Amino acid sequence: MRKFGLIGKKLGHSYSALIHSKFADYEYDLIETNEEDLEAWIKSEEYGGFNVTIPYKKTVMQYCDELSEAAKKIGAVNTIVKTADGIIKGYNTDYYGFQYLIEATEIDPMGKKCLVLGSGGASLTVQAVLTDMGAEEVIVVSRGGAVNYENVHDVAGDAQIIVNATPVGMYPDNDRIPLKPSSFPQCEGALDLIYNPNKTKFVLDAMAADIPASGGLKMLVAQAKEACEIFTGIEIEHEALENVHDEVRRETLNLVLIGMPGAGKTTLGREMAENMGREFLDVDDMIIEHEGMSIPEIFQSKGESYFRKVETEMLEKACIKSGVVIAAGGGIVKTKKNYFIIKQNATICWIKRDLDKLETEGRPISQSMPVEKIYEERKDLYAKWSDYFINNNEGRD
């Protein structure tokens, strides 16, 4: 069985090996390389083909003996296969992937003014798909282009669809955003090709403004399906695409537990992590290790505002991971920023427990004011933040 792989400069964020393992049983490697070594990798007899990602989608074209019509038209290659007689063929399966993402998100570019952020290989694909789907105008925004991030609102403030085809906001730089879809009054659709995190700040900004939006996981899985078909010569059922997407999303999203102090988040979190075969992280434990003192000692010596600052820092450190279970502190909902940190890549579960059953020992806030008052201050936030809840009145502390 021939080996395949993904070629790129930085691949710590990649889910490609996981996705290909669900479509087929060939070996699939992540190959981080510099541009100087690209040709050697592509011509290596060890591999039967590759996917190609940032920043090499245009560069690899020079090493292909043949190009598919889509690759020629777009000017970018993201899939390479080597035939038995040594011919290197270049394809663009991103076209199929992005088209699938648009259709699945039910965003219609027909007759619309569209903004594409970035001018690399992924941008070329997005431009081609939008044009083929009937967009009235496709405007490319880049740092050094005629339309850039300083003048974009003047030139295209009436944009209706915005697509981020840059790596800005990608793991591990989750806190970055190229621009805010919410700042475009007529925006009716926002798509981000980034899939890790599941929801970038770009996507979350759009969602907060009730603009239909999606990250790039559907695109990634769809293009991988077509690449796998090229690698193996075997057609894959459309249903398999949807199933693989759902599986990958479920496996890579974090599970974050919120709720009152003493509700049992840590105990339940450890049980869930063990049952799911996942890593478990407790934000309070991370704070204690970072500060070298207990939480009551932090409150006493440095105050609650300092504690909340460190809490947010440790939450960011935990949430940058994928597919882990995280127990968050009871007051995590007091800091608005924390919601966006969590929701980038997580499902949130509210652990509920009757107030008279809460364990308050060693919990500074619970000891400084009645738990009833704390609950009244936080209950609406717990409800608003959570995707679902678990009733934990069965004795787990």
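The values are calculated or read from the model by the stated rules, or taken from the named source; none is laboratory data. These numbers were taken from a predicted model, which means no experiment stands behind them. Glycine also receives a Cβ, built like all others from the backbone with ideal geometry; neighbour counts cover every protein chain displayed. Surface accessibility is based on the protein's heavy atoms, side chains included, excluding ligands, DNA and RNA. Shrake-Rupley method; radii C 1.70, N 1.55, O 1.52, S 1.80 Å.
For the reader, a short list of remarks on this structure follows.
- Close pairs from region 71-82: first touching a residue at least 60 places away in the same chain (Cβ under 8 Å), partner outside any loop (DSSP other than H, G, I, E, B) and polar (S, T, N, Q), Cβ under 9 Å, at least 6 apart: ASN78/ASN51; ASN78/THR125; ASN78/GLN223; THR79/ASN51; THR79/GLN223
- For region 187-207, filtered to residues that are over 15 Å from VAL163 (Cβ atoms) and open to solvent by 30 Å² or more (accessible area, probe 1.4 Å), the residue that is farthest from the chain's Cα centre (by Cα) is MET207.
- Picking from residues in region 62-101 that are part of a loop (DSSP other than H, G, I, E, B) and under 30 Å from the mean Cα position of the chain (by Cα), the one that is farthest from LYS3 (Cα to Cα) is GLY75.
- Applying the condition of being open to solvent by less than 20 Å² (accessible area, probe 1.4 Å) and of a type in the set (Ser, Thr, Tyr) to region 16-49 and asking which residue is farthest from the chain's Cα centre (by Cα) yields TYR47.
- Residues of region 240-273 that are under 22 Å from the mean Cα position of the chain (by Cα) and of a type in the set (A, V, I, L, M): ALA240, LEU241, VAL244, VAL248, LEU253, LEU255, VAL256, LEU257, ILE258, ALA273.
- Test for GLU66: is it modelled with pLDDT of 95 or more, out of contact with any helix residue (DSSP H, G or I) (no Cβ under 7 Å at 6 or more places or on another chain) and more than 30 Å from GLY323 (Cβ to Cβ): yes
- Pairs, first hydroxyl-bearing (Ser, Thr, Tyr) in region 95-110, second open to solvent by 50 Å² or more (accessible area, probe 1.4 Å), C-beta under 7 Å, six or more apart: TYR96/GLU226; TYR100/LYS218; THR105/PRO212
- Residue in region 208-221 that is more than 21 Å from THR79 (Cβ to Cβ), in a helix (DSSP H, G or I), at pLDDT below 95 and over 14 Å from the mean Cα position of the chain (by Cα) present: yes
- Restricting ALA122, ALA135 to residues that are part of a loop (DSSP other than H, G, I, E, B), open to solvent by less than 40 Å² (accessible area, probe 1.4 Å), of a type outside the set (D, E, K, R) and in contact (Cβ under 8 Å) with a residue 12 or more places away in the chain narrows the list to ALA135.
- Among residues that are under 21 Å from ILE320 (Cβ atoms), assigned to a helix (DSSP H, G or I), out of contact with any helix residue (DSSP H, G or I) (no Cβ under 7 Å at 6 or more places or on another chain) and at pLDDT 95 or above, GLU289 is included.
- Residues in region 230-254 that are over 19 Å from GLN344 (Cα atoms) and open to solvent by 40 Å² or more (accessible area, probe 1.4 Å): ILE230, THR232, GLY233, ILE234, GLU235, GLU237, HIS238, GLU239, GLU242, ASN243.
- Of the listed requirements (1) open to solvent by 10 Å² or more (accessible area, probe 1.4 Å); (2) in contact with a Phe, Trp or Tyr (Cβ under 9 Å, 6 or more places away or on another chain), ILE258 misses just one: (1).
- Taking every residue in region 170-190 that is assigned to a loop (DSSP other than H, G, I, E, B) and pairing it with any residue that is open to solvent by 80 Å² or more (accessible area, probe 1.4 Å) and not hydroxyl-bearing (Ser, Thr, Tyr), at least 6 positions away or on another chain, the pairs with Cβ-Cβ distances below 8 Å are PHE184/HIS153.
- If you go through region 222-248 and pick out every residue that is aliphatic (A, V, I, L, M) and part of a loop (DSSP other than H, G, I, E, B), you end up with 2.
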